[in-house]
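Since the structure comes first, as structure tokens, the remarks are kept for the end.
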Amino acid sequence: MKKLRLERGLSQRDLAEGSSVSYAYVSRIEAGARVPSLGALIELADRLDTTALYLATGKTSGPCPFCGR
């Protein structure tokens, strides 16, 4: 997530702005101190113009780890 955020020229505050996710939460996710909820992951992925699957796995296709399939 940090790589995408930096590629898009966003600070943690920028990424969190206007969302239900705080910049402190973004910081904790990037530091590996928190695992984001599915809702937060989807919201952050939308803001980074990618998919939750990519943020969670680094892959663009394959089974969804959140779908239970």
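Quick note: the coordinates plus some simple rules give every number you see, no bench work behind them. Worth saying up front: this structure is predicted, and the values here are computed from it rather than measured. Methodologically, a virtual Cβ is constructed for each residue, glycine included, from the backbone with ideal geometry; neighbour enumeration extends over all protein chains shown.
Which angle from 0 to 90°, rounded to the nearest 10, does the C-alpha axis of helix 38-47 make with the longest principal axis of the chain?
Taking Cα atoms only, the helix is inclined about 60 degrees.
If you consider only alpha-carbon coordinates, what radius of gyration and Dmax does the chain have, in Å?
Every Cα atom of the chain included, Rg and Dmax give 11.6, 35 Å.
Please go through the chain and write out the chymotrypsin sites (Phe, Trp or Tyr not before Pro) that DSSP classes as loop and that have at most 15 other C-beta atoms within 10 Å. Walk me through the intermediate numbers first.
Working: sites: TYR23, TYR25, TYR54, PHE66; in loops: PHE66.
Hits after loop and neighbour filter: PHE66.
Over the chain, calculate the relative contact order: mean separation of alpha carbon pairs under 8 Å at least 6 apart, over the residue count, as a percent. Kindly include the intermediate steps, with their values, before the conclusion.
Values: 50 pairs, mean separation 15.5, N = 69.
Rounded, it is 22 percent for the chain.
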